[in-house]
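Step one of this worksheet: look at the structure below.
Derivation of every value follows stated rules applied to the coordinates shown; laboratory data play no part. Quick caveat, the model's predicted, so the values are computed rather than measured. All Cβ positions, glycine included, derive from the backbone under ideal geometry; neighbour counts span all protein chains shown.
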Amino acid sequence: MIELIVGCFLLLIMATVAMSLLAAVLPVLLVLFCVGIGVAFFAFWVWMLVDSIQNRGLREGEKIGWVLAIIFLHLVGAPLYFFFGRPKRHALTCNQP
């Protein structure tokens, strides 16, 4: 019986240590994750901005509109361009001999 009580006590101590360690490490991991996601979104935004400037499948008016949309709408403009403006580049390159 005493072994069971000592075992439960040791398990409780180990769980407390693990929780305090997790409480110390979790905020750091959360910050690193958020920074990584932020860097990924920024890289995607820059990629779409450069792609919209270099897209020969767009007319000048469309190009200016997409660049302004990407700049001013940030995380909404870049995915919009990716799905709606960028396919014009692929349609142009696929139809050329």
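Can you give the alpha-carbon Rg of segment 1-92 over 2.2 N^0.38 Å, where N counts its residues?
2.09
Pick out the long, greasy-scoring helices in the chain: whole DSSP H runs spanning 27 Å or more along their own axis by Cα, mean Kyte-Doolittle at least 1.0.
Helix filter hits for the chain: 2-54.
If I take R0 = 35 Å and measure r between the Cβ atoms of Met19 and Phe42 in this structure, what FRET efficiency does the formula 1/(1 + (r/R0)^6) give, to the nearest 0.05?
Result of the calculation: an efficiency of 0.50.
As an exercise, take the mean of 1/r over every pair of distinct alpha carbons in segment 13-59, invert it, and state the Kirkwood radius in angstroms.
13.7
For the ranges 74-87, 15-28, what's the packing order if you count other beta-carbon atoms within 10 Å of each residue, average per peptide, and put the highest first?
Highest-to-lowest ranking by the protection proxy: 74-87, 15-28.
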